[in-house]
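Chemist: A single structure is presented below for examination.
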Amino acid sequence: MTVLERTWLVLLAVAAAGCAGATATLQNRSIPLAQSRPSSIVVYPFAADPSDITLNQSIIQRAYRNMSGENIDAQQIKLARDTAENVCLEIVSTLQKEGWSATCLERGTPPVGDNLLVVDGEFKDINEGNRLRRLVIGFGAGASSIDASVSMYQKSSDGYQKLLDFTTHAESGKMPGAAVTGGAGAAAGAGAAVIVGANAGLGAIKTYKSSTGELGDKTAKEVVDQLNGYFSQQGWMQTQSGT
């Protein structure tokens, strides 16, 4: 088998194995306080505990942070907040396209009005993984992941009723690394094997906006899918807002 043929096999493996996965697990579902379609949806950026966030553990990244004097705790907090804001905005944007009046509201700000839905959640874990290990070794090594717990409430004149509880899990795709080059890498030497493997996976890596950015989008999609499942069950799936 020629080097070119091996390269094509690597690229095909990247295409087949490089898709990030996301799942949602229903925990609890209740009937609404009011049967009429809610007037609007409020979404809060998910809460996050910095102690549950694992930054990129690659040696290169650690060395960079040590030399630059960056504060890791500050990075953890920024990562959590940025991810929470992006997920919130992505959820709201999708709901608006589906005909809902939806707003991303700052945490601590009470929602105003009756017969509206409130979506809130908490990140259980945000793990950036190890980019270098994922690139060179591949097949899930050093994978990134985001886990969240999400709830939806209905606010009415009678108070709040929790309608939905579920968890989400998103993880980065499994990408082939140096080991996939096989004979081509071995023939050229160990150093060349790493370079060939890295270059083969680079195209797939570039499709990721960032470890948490891509997974945040997938988390938002799982949240919206769960909400839509509930809306469909209640007959709330109108495509025009306010109808």
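Read-outs throughout are calculated quantities, based only on the coordinates presented, and are distinct from any laboratory measurement. Treat the numbers as computed from the prediction; the structure is a model and nothing was measured. Here Cβ is always computed from backbone atoms with ideal geometry, including for glycine, and neighbour counts include all displayed protein chains.
Chemist: Under a Cβ-Cβ cut-off of 13 Å, what is the net charge of the residues other than HIS169 that fall near it, where Lys and Arg count +1 and Asp and Glu count -1?
Modeler: Combined, the nearby Lys, Arg, Asp and Glu give -1.
Chemist: While we're here: Report ³J(HN,Hα) in whole Hz for each residue of segment 88-103, in order, from the Karplus equation J = 6.51 cos²θ - 1.76 cosθ + 1.60 where θ = phi - 60°; Gly and Pro get x.
Modeler: So the Karplus estimates, Gly and Pro as x, are 4, 5, 5, 4, 5, 4, 5, 5, 5, 5, 8, x, 8, 8, 10, 9 Hz.
Chemist: From the phi of every residue in segment 213-224, what ³J(HN,Hα) in whole Hz does the Karplus formula 6.51 cos²θ - 1.76 cosθ + 1.60 yield, where θ is phi - 60° and glycine or proline is x?
Modeler: For segment 213-224, the Karplus curve yields x, 5, 5, x, 4, 6, 5, 4, 5, 5, 4, 4 Hz.
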